[in-house]
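Peer 1: What follows is a single structure, and I will ask about it in a moment.
The values are calculated or read from the model by the stated rules, or taken from the named source; none is laboratory data. Worth saying up front: this structure is predicted, and the values here are computed from it rather than measured. Using ideal geometry, Cβ is built from the backbone for each residue, glycine included, and neighbour counts are taken over all protein chains shown.
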Protein chains: 2
Amino acid sequence: MRADARRNHQRLLEAARDVFVEQGPGASLEEVARRAGVGIATLYRRFGDRDTLMHAVVMQALTGTIEAAERAMRDNLDPLDALADYMHSVLDLRTSAVIPTLLDALDLHEPRLAAARTTSARLVEELLEAAHRTGRLRKDVTFGDIGLLLVRLSRPLPGAFPPDVQHALAHRHADLFLAGLRADAAERPLSGPALDLTDLQRHRPDT
Amino acid sequence: MRADARRNHQRLLEAARDVFVEQGPGASLEEVARRAGVGIATLYRRFGDRDTLMHAVVMQALTGTIEAAERAMRDNLDPLDALADYMHSVLDLRTSAVIPTLLDALDLHEPRLAAARTTSARLVEELLEAAHRTGRLRKDVTFGDIGLLLVRLSRPLPGAFPPDVQHALAHRHADLFLAGLRADAAERPLSGPALDLTDLQRHRPDT
DNA sequence: CAATAAACGAAGGGAACTCCTCCGCTAAAG
DNA sequence: CTTTAGCGGAGGAGTTCCCTTCGTTTATTG
């Protein structure tokens, strides 16, 4: 595969991930090509049809979260640290929101997809079980809670917040979520600055 | 104003709120009318143009949160209880996500809009200051954090989760957020059941 | 219950967008 | 330098949306 082809392939996956998160599974493929900076024909040549593209995006997302979970479990002795590490790593991938968005429009029985989902879920459940065994994670927190929280935190916010602001806020709120609101849970500082919602102008292009 | 006119007015506001949250400020007005169960002409007769409709939706949303804050402060002696009460009330309104979505496309200097924003922000800041004075709310939590959290929690989730499931999960995650993940912060049970993310089929129409 | 005015829904022309294929050009690789 | 994989854009068919016009329905009042 030629170098430019491989580069365009990656660009298309990233653009598709963003556009699908913003516009849902019916998003315009011309918009995807536009944002990737390639011609529409390149998208169709590379992926054939919408389903193939969606499948590739989801597989890349699932693979990333699997690696993040494995790494978090390997690099942290404390399961709670591993959980925090996992959540922040997944936020850095910026791919969690695309998974429920596109799974809904895909065939869940496709073998590679089903396998990736199972692996991903199993790893996080192991991680949670280990954390539960320490007794320091509340018992009613489930895999669904963690997954959904990651989706909520990684989705683009409505309004004109620049990507870097959104990314910093996602980590900040992950910290808040992990540590809790109670004062006696606030030994660690939050990882980013607060946002002033009354100062929208600061984030707008030209007003 | 005739009874059917008033009913349609309200239906249009609710439909517009939902559609704008889902599709952004450029959402199709025909879709709004469709979902409200009225003809497209009724929408234009009632609101004239897109800006007027958006303005009305945001004003209704801001008014609701203002009332929720006043009620929460009046009904709770403990400022932390008031904060929790406020957050759950706002989630019940299902209007928080539409505010940043539409504010971005509106004239922030319009007097009634500016006044409502100021009032809303001031009330929540009072509420937070009172909570901070008790020493039981971590000091680095701001109005922006609370507002943004409410936006994150009230947005529709990607995928095929039915509205009642989404609503229950919003309250559950608000509890989690308020109480924190730590075991010693888990005296109160969560307000809804957990979600099994591996069981998507259960939430889909016909598979 | 009749009269009337308010309110309604649907149709439709024009503009914009999207899909997906075809084809001539560009530039990477040997 | 040559070859061929890879590229971008044009474009016809189809869809959606905007917003107005107009004939019909229905809530209200006497």
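Peer 1: Given (1) more than 14 Å from every other protein chain (Cβ to nearest Cβ); (2) farther than 30 Å from B:GLU126 by Cβ; (3) more than 11 Å from DNA strand C (Cβ to nearest atom); (4) not basic (Lys, Arg), identify the lone condition not met by B:THR42.
Peer 2: (3)
Peer 1: Evaluate the range B:11-26: report whether one residue or more is of a type in the set (Gly, Ala, Ser) and over 21 Å from the mean Cα position of the chain (by Cα). Give the derivation first.
Peer 2: Here is the first cut: in the range B:11-26, the residues of a type in the set (Gly, Ala, Ser) are B:15-16, B:24, B:26.
Pick out the ones that are also over 21 Å from the mean Cα position of the chain (by Cα) and you get none.
No: zero hits.
Peer 1: Within the range A:7-60, can you find the residues that are near DNA strand D (Cβ under 8 Å from one of its atoms), basic (Lys, Arg) and out of contact with any helix residue (DSSP H, G or I) (no Cβ under 7 Å at 6 or more places or on another chain)?
Peer 2: Those that are near DNA strand D (Cβ under 8 Å from one of its atoms), basic (Lys, Arg) and out of contact with any helix residue (DSSP H, G or I) (no Cβ under 7 Å at 6 or more places or on another chain): A:ARG7, A:ARG45.
Peer 1: Also: Name the residue that is nearest to DNA strand C (Cβ to nearest atom), counting only residues in the range B:1-27 that are within 13 Å of chain A (Cβ to nearest Cβ) and either farther than 19 Å from A:GLY26 by Cα or surrounded by fewer than 13 Cβ atoms within 10 Å (Cβ to Cβ) (or both).
Peer 2: My answer is B:GLY26.
Peer 1: Taking only the range B:1-25 into account, find how many residues are without any contact (Cβ under 8 Å) to a residue 12 or more places away in the chain and not in a helix (DSSP H, G or I).
Peer 2: Total satisfying the criteria: 2.
Peer 1: Going by the conditions given, is A:ALA160 assigned to a loop (DSSP other than H, G, I, E, B), closer than 18 Å to B:GLY147 by Cα and among the small types (Gly, Ala, Ser)? First the steps, then the outcome.
Peer 2: On the way: assigned to a loop (DSSP other than H, G, I, E, B): yes; closer than 18 Å to B:GLY147 by Cα: yes; among the small types (Gly, Ala, Ser): yes.
Judged against the criteria, A:ALA160 is a match.
Peer 1: For the range B:38-124, give me every one of the helices (runs of 4 or more DSSP H) that falls completely inside it and has 3 or more residues that are surrounded by 21 or more Cβ atoms within 10 Å (Cβ to Cβ) and in contact (Cβ under 8 Å) with a residue 12 or more places away in the chain.
Peer 2: Working: elements: B:40-47, B:50-75, B:79-93, B:98-103.
Qualifying helices (runs of 4 or more DSSP H): B:50-75, B:79-93, B:98-103.
Peer 1: Looking only at residues in the range A:158-172 that are more than 7 Å from chain B (Cβ to nearest Cβ) and free of Cβ contacts under 8 Å to residues at least 60 places away in the same chain, which one is farthest from A:PHE20 (Cα to Cα)?
Peer 2: It comes out as A:ARG172.
Peer 1: Report every pair of residues separated by at least 6 positions or lying on different chains whose Cβ atoms are under 7 Å apart, first residue within the range A:131-152 and more than 7 Å from chain B (Cβ to nearest Cβ), second not in a helix (DSSP H, G or I).
Peer 2: Final answer for the pair search is A:ALA131/A:LEU137; A:HIS132/A:LYS139; A:LEU150/A:SER96.
Peer 1: Working only within the range A:148-167, note down all residues that are among the aliphatic types (A, V, I, L, M) and surrounded by fewer than 17 Cβ atoms within 10 Å (Cβ to Cβ). So that I can check it myself, show each step before the final result.
Peer 2: Just the residues of the range A:148-167 that are among the aliphatic types (A, V, I, L, M), to begin with: A:148-151, A:153, A:157, A:160, A:165.
Selection gives A:VAL165 alone.
Peer 1: In this structure, is B:ASP196 part of a loop (DSSP other than H, G, I, E, B), at pLDDT below 85 and of a type in the set (Asp, Glu)? It would help to see each step written out before you state the result.
Peer 2: Numbers: part of a loop (DSSP other than H, G, I, E, B): yes; at pLDDT below 85: yes; of a type in the set (Asp, Glu): yes.
So B:ASP196 passes the test.
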